[in-house]
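J.: For reference, the structure I am asking about is given below.
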Amino acid sequence: MNRIIGILVVLLLATSLQSLNAQPFAEIQFVKMDHNFGKIKEEAGAADFNFNFTNTGKIPLIIQGVEASCGCTTPEWSQEPVLPGKTGFIKVSYNPEQRPGAFAKSITVMANIPKTVRVLTISGEVVPKALNTKDLYPVDFGKIWLSTEELSFVRIKDHEIKSDTIRIYNPGNSPLSVNFKIIPPHITIKTIPEVLKPQSKGIFLITFDATKKPEYGFSANRIYLSFNGEEKYNDALKVSATIEEDFSKLSDGDLENAPRIDYNSRVFDFKEIPEGKIVDYTFIVMNKGKKELIIRSVTASCGCTTGKPSSNTIPPGGSTEMKVSFDSHEKVGMQNKIITVISNDPAHSTTLLRIIGTVKK
């Protein structure tokens, strides 16, 4: 009896599968599923291609969605159901602006077909447009154009002297000379040539001498400009660098016996406070190394946050308190402030402490 029941169950399942397989469905068949644009010019604007398809199924085909792998690629498609035997399209536009070089993008098509997605691809190469003078000198200070108004030396060792340049252009019809104001001792700047002829190019040669900058850590300076002897200094360059101690000459023994910075905690969460309240927290800074730890500098990411250690030198095995304060005045919402501590620990010369929480109006 059990055997007969088993045979009947198998027959019923087979009949059900046949019934499911017999149901009509939609199917999509593309003329092609990839397209190479070849070389396209950046200044020519968007390049388009239509991926044409036919519904080879038995019921209307519905395109449920089309997604591109990049915001530079925009798809459009047949919005109405495509009847059996009829054709539709998926139009793909690629925007080459500021995207020179080879590209390859995918477009995922979702529809009411047995295999849930189809993937189309486009490829090609963008030929960059010829840059004009304004493209090369986008910063407009009126009488002078610049390639940039900010020069970062990024990281520089405390014994290093580095130089870099900013490209400049005189767009006017008269010669141009540049004067500088508020130049700190560790920065020098000069114009080459000293006088720019009309519609001519030059450079600002800027040198950062870390040996003349006693503080460690991030340094940012504004250098103000005037032209042809004027007393107006309305425009400024920003020159920055992070000055680090050079530990490269330390021996293995020096590193083994070096100071080592640590903390009781690296995050202070004040949870939730009303706007205008000042909250304080005391971090404990510890020296778990074998030589004296020196705290070179403590800086905050916001003027609303301050921090200062009780002592800048910590003996081996010792510790010091560092009180930090956060002023929530006009700081409504989630807060994430950073305290940067620079020390003579060669393994962790820069460490970050965080002040987080929410300020309620």
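The values are calculated or read from the model by the stated rules, or taken from the named source; none is laboratory data. Computed from a predicted structure; not experimentally measured. Every residue, glycine as well, gets a Cβ built from its backbone with ideal geometry; the counts of neighbours run over all protein chains shown.
J.: Take the residues in region 176-194 that are out of contact with any helix residue (DSSP H, G or I) (no Cβ under 7 Å at 6 or more places or on another chain) and over 19 Å from E231 (Cβ atoms); name whichever of them is surrounded by the fewest Cβ atoms within 10 Å (Cβ to Cβ).
T.: The residue in question is E194.
J.: Regarding T207, is this residue hydroxyl-bearing (S, T, Y), in contact with a Phe, Trp or Tyr (Cβ under 9 Å, 6 or more places away or on another chain) and either in the same structural domain as L151 (by TED's automatic domain parsing) or under 21 Å from E149 (Cβ atoms) (or both)?
T.: no
J.: Quick check: is even one residue across region 282-290 hydrophobic (A, V, I, L, M, F, W, C) and in contact (Cβ under 8 Å) with a residue 60 or more places away in the chain?
T.: So far as region 282-290 goes, yes, one or more of its residues are hydrophobic (A, V, I, L, M, F, W, C) and in contact (Cβ under 8 Å) with a residue 60 or more places away in the chain.
J.: Inside region 207-237, can you point out the residues that are assigned to a strand (DSSP E or B) and either among the aromatic types (F, W, Y) or over 24 Å from G172 (Cα atoms) (or both)?
T.: Residues satisfying the conditions are T207, F208, D209, G217, F218, S219, A220, N221, R222, Y224, F227.
J.: Taking region 103-122 as the region of interest, how many residues are under 15 Å from Q29 (Cβ atoms) and either in contact (Cβ under 8 Å) with a residue 24 or more places away in the chain or polar (S, T, N, Q) (or both)?
T.: The number of residues fulfilling the criteria is 8.
J.: Restricting attention to region 289-348, and to residues there that are at positive phi and in a loop (DSSP other than H, G, I, E, B), which single residue is farthest from the chain's Cα centre (by Cα)?
T.: G317
J.: Could you check region 283-303 and list, in sequence order, the residues that are at pLDDT 95 or above and surrounded by 14 or more Cβ atoms within 10 Å (Cβ to Cβ)?
T.: The answer is F283, V285, M286, N287, K288, G289, K291, L293, I294, I295.
J.: I would also like to ask the following. Hey, does region 163-176 have a residue that's in contact (Cβ under 8 Å) with a residue 40 or more places away in the chain and at positive phi?
T.: No, region 163-176 has no match at all.
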